[in-house]
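Participant: My structure is below; once you've seen it, I'll send some questions.
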Amino acid sequence: MLAESHLDKKNIRQAFAKAAHSYDAMAALQRQVGHDLLSEVSAKDLTGTILDVGCGTGFLTGELLALSGYQQIIALDLAFPMVEATRAKYRMEKLTYLCADAENLPLQANSVDTLFSNVALQWCQNLSAVFEEMKRVLKPTGSLIFSTFGSQTLHELKTAWANVDRFSHVNEFYNTAQIYDALKYAGYKNIIITEKIHRPYYASVIALMRELKGIGAHNVMAGRNHNMTGKSKMQAMIHHYESLHSSHKIPATFEIIKVSAKI
């Protein structure tokens, strides 16, 4: 069984609640990953009841509505302001809105045909438990299709902070082997996993950190420093990050893991 990650669930909820107003303007990568995820979906996965876990401000929800021909869709997110942002965009009978935790879905067993999730499951504390919960609500012929950040994500930022102090400044994400093992443990079959590296460039380290905060993806680890980081430490981290790259812009790695599985 996969061990629990050291995530602060309360902090996760608060971070994404605060980011609801800025998310759309800064989530270009998340939209690109969502498009990639949906481009590989078959027509049979777009029928019946569809659950969008971690709906955020509704990007994937809207795409699913259009592609499925307006099937019954449930938009679910941990942060209530995110759910409200989705509701504000799409007010229709075919949509149900839920503010809930993916690790404790308020749905009946065998009630969902396909479960989608776009870069959201990395915020779950116990991946084995969440896969078991998703299997519970999926119908016997159901499909699980999701993307998530992999363990190489933001390794440049992590390395730069490691040269400054021993606090956890950057979120830790599951690797491919951990995801596969958790799916197998939960009883999934026909597991297909692919990986892709995205490496956008930023004008500065501050610009990168501003984007992470704007989408709610800044540090939510339980082992983070709860005090304000001093100016000298911040400057030392930035100097180390920028010293590793010769160009005027700095890269940031985002490892995207895409998964499809059957029950």
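Participant: Put +1 on the Cβ of every Lys and Arg and -1 on every Asp and Glu Cβ in the range 11-56; which of 16, 50, 26 then has its Cα farthest towards the positive end of the dipole?
Facilitator: Value: 16.
Participant: About the Cα centre, and with charges only on the beta carbon of Lys, Arg (+1) and Asp, Glu (-1), how big is the dipole of the range 152-224? Nearest 20 debye, please.
Facilitator: Approximately 100 debye in magnitude.
Participant: Still on this structure, I have one more. Using +1 at the C-beta of Lys and Arg and -1 at the C-beta of Asp and Glu, which of 107, 232, 173 has the Cα lying farthest in the positive direction of the dipole of the chain?
Facilitator: Result: 232, furthest along the dipole toward the positive end.
Participant: Cut-off under 23 Å on the C-alpha distance; same-chain residues fewer than 8 positions from residue 10 excluded. Which lysines are left, in chain and number order?
Facilitator: Filter leaves 18, 158, 213.
Participant: Of the DSSP beta bridges with both residues in the chain, give the percent that are antiparallel, rounding to the nearest 5.
Facilitator: 45 percent
Participant: Counting Lys and Arg as +1 and Asp and Glu as -1, what is the net charge of the other residues whose Cβ lies under 14 Å from the Cβ of residue 187?
Facilitator: The answer is +2.
Participant: Let me know the charge dipole size of the range 1-159 about its Cα centre in debye, to the nearest 20, where only the beta-carbon of Lys, Arg (+1) and Asp, Glu (-1) is charged.
Facilitator: 260 debye
Participant: Share of antiparallel DSSP beta bridges in the range 34-158, in percent to the nearest 5?
Facilitator: The antiparallel fraction comes to roughly 0 percent.
Participant: Only helical DSSP H runs with n ≥ 4 go in: add -39500 (n - 2.57) per run for the chain, normalise by residue count and round the 222 nm mean residue ellipticity to 500 deg cm²/dmol.
Facilitator: Working: 10 runs with 99 residues, N = 263.
Calculated mean residue ellipticity at 222 nm is -11000 deg cm²/dmol.
Participant: How much accessible area per residue does the chain have, counting only protein heavy atoms and a probe of 1.4 Å, in square angstrom?
Facilitator: On the way: 12320 Å² over 263 residues.
So the chain comes to 47 Å² accessible per residue, rounded to a whole number.
Participant: A follow-up question, please. Tell me, in nm to one decimal, what length is gained between residue 139 and residue 210 on full extension, where the rule is 0.36 nm per residue of separation less the Cα-Cα distance? All intermediate terms of the calculation are to be shown ahead of the outcome.
Facilitator: On the way: separation 71, 0.36 × 71 = 25.56 nm, distance 4.08 nm.
Using 0.36 nm per residue and subtracting the Cα-Cα distance, I get 21.5 nm.
Participant: Still on this structure, please answer the following. Among 144-150, 13-19, what's the highest-first ranking by average C-beta atoms within 10 angstrom per residue?
Facilitator: Those peptides, ordered most packed to least, come out 144-150, 13-19.
Participant: Let me ask another. Around residue 87, with a cut-off of 14 angstrom between Cβ atoms, what is the net charge of the other residues, counting Lys and Arg +1 and Asp and Glu -1?
Facilitator: -1
Participant: Here's another thing I want to ask about it. Which of the aspartates and glutamates could a cross-linker bridge to residue 233, judged by Cα under 15 Å and excluding same-chain residues fewer than eight apart?
Facilitator: Partners found: 165, 242.
Participant: Please give the FRET efficiency for residue 243 paired with residue 11, using the beta carbon to beta carbon distance and R0 = 45 Å, rounded to the nearest 0.05.
Facilitator: Working: r = 31 Å, r/R0 = 0.68.
FRET efficiency, residue 243 to residue 11: 0.90.
Participant: Using a Förster radius of 35 Å, what is the FRET efficiency between residue 42 and residue 165 based on their Cβ-Cβ separation? Nearest 0.05, please.
Facilitator: 0.15
Participant: Leaving ligands, DNA and RNA out of it, report the carbon-plus-sulfur percent of the accessible area of the chain at a 1.4 Å probe.
Facilitator: Working: 6390 of 12320 Å².
Accessible surface attributable to carbon and sulfur in the chain totals 52 percent.
Participant: Also: Could you give me the ³J(HN,Hα) list for the range 47-53, computed from phi with Karplus coefficients 6.51, -1.76, 1.60 and θ = phi - 60°, whole Hz, x at Gly and Pro?
Facilitator: Once rounded to whole Hz, the list reads 10, x, 9, 10, 10, 9, 8.
Participant: What distance in nm lies between label points placed 7 Å from Cα along the C-beta direction at residue 66 and residue 185?
Facilitator: 3.9 nm
Participant: Can you tell me the relative contact order of the chain? Whole percent, Cα pairs under 8 Å, sequence separation 6 or more.
Facilitator: Rounded, it is 25 percent for the chain.
Participant: In terms of Cα to Cα distance under 26 Å, which lysines are near enough to residue 262, apart from those fewer than 8 places away along the same chain?
Facilitator: Cross-link targets: 44, 94, 135, 139, 184, 189, 196.
Participant: Lys/Arg Cβ at +1, Asp/Glu Cβ at -1, dipole of the range 1-141 taken about the Cα centre: which of 41, 78, 123 is farthest positive-ward?
Facilitator: Ranked along the dipole, the leading option is 78.
The values are calculated or read from the model by the stated rules, or taken from the named source; none is laboratory data. Being a predicted model, the structure only gives us computed values, none of them experimental. Here the Cβ is made from the backbone with ideal geometry for all residues, glycine too, and neighbour counts use every protein chain on show. When the accessible area is computed, the model is the full protein with side chains, heavy atoms only, and any ligands, DNA or RNA have been set aside. Shrake-Rupley method; radii C 1.70, N 1.55, O 1.52, S 1.80 Å.
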